Amino acid sequence: MTMQPHGTTAEMNRIATVEELNLLRDKWKAKLETPSGIRVVVGMATCGISAGANQVYEAFRNEIKKRGLDHVVVEKVGCIGMCVYEPIVEIFEDGKEKVSYIHIDPEKAGSIVEQHLVGGKPCDELTLLQLDVKDQSGYVCGKFEDLPFNRKQKRIVLHNCGYINPEDIREYIGVDGYQALAKVITSMTPEETVELISASHLRGRGGAGFPTGLKWKFAARETSDQKYVICNADEGDPGAFMDRSVLEGDPHAVLEAMAIAGYAIGADQGWIYVRAEYPTAVKRLELAIREAKAIGLLGKKILGTDFNFDIKIRLGAGAFVCGEETALIASIEGKRGMPRNKPPFPASKGLWGKPTIINNVETLANIPAIIRNGPEWFRSIGTEGSPGTKVFALGGKITNTGLVEVPMGTTLREVIEDIGGGCPNGKKFKAVQTGGPSGGCLTFDALDVPIDFDQLVALGSMMGSGGMIVMDEDNCMVDIARFFLDFTVDESCGQCVPCREGTKRMLEILDKITSGGAEEKDLDDLYELADNIRQTSLCALGQTAPNPVLSTMEHFIDEYRAHVIDKKCPSKVCKDLLGYYITEACKGCTKCSRTCPVEAIRGKVKEQHYIDQSVCIRCGSCIDVCPFDAIERR
Amino acid sequence: MVSHINSEERQKEIAAFERDLERIKDGRGMLMLALHLAQNRFGYVPSDVQRIIADTLKVPLSTVYGVVTFYSRFTLIPRGRCDLSICTGTTCYIQGAEELLKEAEETLGIKDGETSPDGNFSLSTTRCVGACSLAPVVTVNGEVHGRMTVQEMKKLLADLKKQYLSQPESNEDK
């Protein structure tokens, strides 16, 4: 039997019972695990698409159609996390090893069809083998699973990403999708469901690590004619993209978890608040909801029970503060996204004043697996206080950029050196920033600390949503602190004074420091302001806004002093603090002295010139015109 | 303000937008949705459209204006036919996004947040499109271009100018 192309609705009949769900699961499990033909999958999350995966996908389809290869099916899948190698294509064939192709373009796609799909011989020069990564025994890695990048990873949240087609609900069902929902609504009470999640000790992956079970319990014990479940997909933290990846690669896991949460707390309506900046994720979510409704896994009387659950999508509009739960609720209500004082917490008074739980995408993506495998299984992974895994978005000055999912308690060193491959170009590691604009920097000293929620807070940073941005010796920590403050000033909602005015004053001081106009007293003022804002702001955005400054001041006070006292930027980033100097390569052509707007360059024709530092305004125009590269900044 | 469609076309667009609004007006908290529809259809949310929204959804015009100006995605000036956006999220920032912005500002003759007088180009910065592993990234009408360098930016801008300007000189303002 050949595999049918996807999108056919013949099989999309309503599933009315658990037995029917199981039948469909068995059928699609077999199709995925032991394909009768060949299954070609193209990684088509945002990263893949921007690397050219659309053209690759089309090239495969056209070529296969042209040659009439009926036994080959081409599918879109989500991101497998190895963004450096996009576009990625993998080929599954029953009884054979999976073949992983990297950096594919339409032309290479043509060769693969010709040689591999028709000729039966993989194009080794296009697979992972070309990287020539050897393990200890000298074996050359041919599969992603073998790479050092993947060996320390443990995938719960990203398990299906890159394996199943997110645009076909039947493939999700084929990997035990909706089994957890079926189990909960047919064999457990809502109380037992809350109890099970509590027993797993799952903590919210959105930042603060609040126990998910407790949140559910608060909402479950409220009596109300209407309750809501909200999925927070407003991943505004710059540098974090795991939620996008889950939504693009495994959207049904989130829908299933929301329905489970709805059953547990007694809600029949869910909302997904997702960033408008994620168009692919929005499209796949919309399709997933449509499919789930068509097949009866969302909507009225799910699987023949009395449980009803519907989900709607609301788009964010580019306001970071809307990641804060009360601001997010205001935004869904169609208002300006301004946080309010808590209590009352959303669990008692949330959306339109009704009891509401808000869980982040990654938190929800853990739920079906916890229900299927039990809380003991979940607790056996990670640390005692923070069980399970955490997905990190590795970026910045690191060789292997991408998404990594590791058990809690993995050390930073393992993540950065073993998985991430360290800083490229032989540069020296300086710090890693976690927690985005609310977090802080961790330095060399913290590399061997096992990471979980509590350890990161103890180190003066926080988990945040899991962005992990590596910096090397070329990054100036004062400039980074200034960057985050600039971000918070932009994103402050303007409601409370400490955040609105205080962050602005902090930014002014940082501007002064990076431009060379600061005095030592400014450092004290900066610290005092930071401390005040932290204590008196209304919401978490303001309360955590000083963190990037405080943590860089703690670890890199020497850099601050160098800017303030010596008027130097040791990393040569802050342009105003750099001097321009003419080297021996100068031929005395006088071009620079004629260009200099303030006549700071002196010297005789055909002799080495020099720059009068007291006159120079550091505009850099001399560098631009010098034909001999004889001017340097230092 | 510039609009690159004539008034007859605009009337048609307004009528279509009013039909969109009719469909959603009875729902709860529809203001954001209405603004998304307006931004997508017109490329901005001009004052007459804000008034239509206020009247149809029965919310004060001041509330509409308050929400429009709160969220960075809604704009009061039209986006250009070619909407160029530079990501200045953390990862892009430390990999040189500022240089790319400078290049774009100089080449297009407009600043961050502006639209060229001929309505061809608009330039903005965005906070993280979630493609951090391809940093620094630039989006052109929503399409992501990753791992940009100043050299590639120059090439991209030249291509875009060729594509969007029949006479390249016509963009030389100021």
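The values are calculated or read from the model by the stated rules, or taken from the named source; none is laboratory data. All figures in this text were calculated on a predicted structure; none of them were measured in a lab. Counting neighbours? That spans all protein chains shown, and the Cβs are built from the backbone with ideal geometry, glycine included.
Figures for the structure shown
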quantity	calculated
Selected residue [away from every other protein chain (no Cβ under 14 Å) and of a type in the set (A, V, I, L, M, F, W, C)] from A:Leu351, A:Leu303, A:Leu315	A:Leu303
Segment A:356-381, residues that are of a type in the set (Gly, Ala, Ser) and crowded, with 24+ Cβ neighbours inside 10 Å	A:Ala365
Given (1) within 28 Å of A:Arg244 (Cα to Cα); (2) among the polar types (S, T, N, Q); (3) touching a Pro at 6+ places or on another chain (Cβ under 8 Å), number of the condition A:Asn150 does not satisfy	(3)
Residues of segment A:475-495 satisfying the condition of being surrounded by fewer than 24 Cβ atoms within 10 Å (Cβ to Cβ) and over 24 Å from the mean Cα position of the chain (by Cα)	A:Gly494, A:Gln495
Filter result for A:Arg61 (of a type in the set (Lys, Arg), at pLDDT 95 or above and not assigned by TED's automatic domain parsing to the domain that holds A:Lys183)	yes
Conditions (1) free of Cβ contacts under 8 Å to residues at least 24 places away in the same chain; (2) part of a loop (DSSP other than H, G, I, E, B); (3) touching an Asp or Glu at 6+ places or on another chain (Cβ under 8 Å); number of the one not met by A:Gly213	(2)
Enumeration of residues in segment A:506-526 that are in a helix (DSSP H, G or I), crowded, with 17+ Cβ neighbours inside 10 Å and more than 14 Å from chain B (Cβ to nearest Cβ)	A:Met506, A:Leu507, A:Ile509, A:Leu510, A:Ile513, A:Asp522, A:Leu523, A:Leu526
Residue in segment A:274-294 that is among the β-branched types (Val, Ile, Thr) and within 25 Å of A:Arg221 (Cα to Cα) present	no
Qualifying positions in segment B:114-134 - away from chain A (no Cβ under 12 Å) and surrounded by fewer than 23 Cβ atoms within 10 Å (Cβ to Cβ)	B:Glu114, B:Ser116, B:Pro117, B:Asp118, B:Gly119, B:Asn120
In segment A:176-210, residue surrounded by the most Cβ atoms within 10 Å (Cβ to Cβ) [restricted to those that are charged (D, E, K, R) and part of a loop (DSSP other than H, G, I, E, B)]	A:Arg205
Matching option when the condition is part of a helix (DSSP H, G or I), of a type in the set (Phe, Trp, Tyr) and within 18 Å of A:Gly323 (Cβ to Cβ), among A:Phe487, A:Phe483	A:Phe487
Subset of segment B:93-102 that is surrounded by fewer than 20 Cβ atoms within 10 Å (Cβ to Cβ) and not in a loop (DSSP other than H, G, I, E, B) - its residue that is nearest to the other protein chains (Cβ to nearest Cβ)	B:Glu98
Some residue of segment B:73-88 being of a type outside the set (Phe, Trp, Tyr) and assigned to a helix (DSSP H, G or I)	no
Test result for B:Asp83, acidic (Asp, Glu), surrounded by 16 or more Cβ atoms within 10 Å (Cβ to Cβ) and more than 10 Å from chain A (Cβ to nearest Cβ)	yes
Check on A:Ile451, out of contact with any strand residue (DSSP E or B) (no Cβ under 6 Å at 6 or more places or on another chain), touching a residue at least 24 places away in the same chain (Cβ under 8 Å), within 14 Å of another protein chain (Cβ to nearest Cβ) and crowded, with 21+ Cβ neighbours inside 10 Å	no
A:Phe453 vs. criteria within 22 Å of B:Cys87 (Cβ to Cβ) and in contact with a Lys or Arg (Cβ under 8 Å, 6 or more places away or on another chain)	no
Any hit, segment A:382-389, residues being within 19 Å of the chain's Cα centre (by Cα), within 13 Å of another protein chain (Cβ to nearest Cβ) and crowded, with 23+ Cβ neighbours inside 10 Å	no
Among (1) within 22 Å of A:Met12 (Cα to Cα); (2) away from chain B (no Cβ under 14 Å); (3) touching a Gly at 6+ places or on another chain (Cβ under 9 Å) - the single one A:Thr363 does not satisfy	(1)
Residue in segment A:556-563 that is touching an Asp or Glu at 6+ places or on another chain (Cβ under 7 Å), closer than 29 Å to A:Phe320 by Cα, surrounded by 14 or more Cβ atoms within 10 Å (Cβ to Cβ) and in the same structural domain as A:Arg482 (by TED's automatic domain parsing) present	no
Residue match in segment A:98-119 (condition: among the hydroxyl-bearing types (Ser, Thr, Tyr) and crowded, with 22+ Cβ neighbours inside 10 Å)	yes
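Condition check ((1) acidic (Asp, Glu); (2) more than 13 Å from chain A (Cβ to nearest Cβ); (3) touching a His at 6+ places or on another chain (Cβ under 8 Å); (4) crowded, with 17+ Cβ neighbours inside 10 Å) across all residues:
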residue	(1), (2), (3), (4)
B:Leu21	no, yes, no, yes
B:Asp26	yes, yes, no, no
B:Leu31	no, no, no, yes
B:Ala34	no, no, no, yes
B:Leu37	no, no, no, yes
B:Gly43	no, yes, no, yes
B:Val49	no, yes, no, yes
B:Leu61	no, yes, no, no
B:Val67	no, no, no, yes
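Conditions tested, residue by residue: (1) assigned to a loop (DSSP other than H, G, I, E, B); (2) β-branched (Val, Ile, Thr).
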site	(1), (2)
A:Leu21	no, no
A:Ile49	no, yes
A:Leu69	yes, no
A:Cys79	yes, no
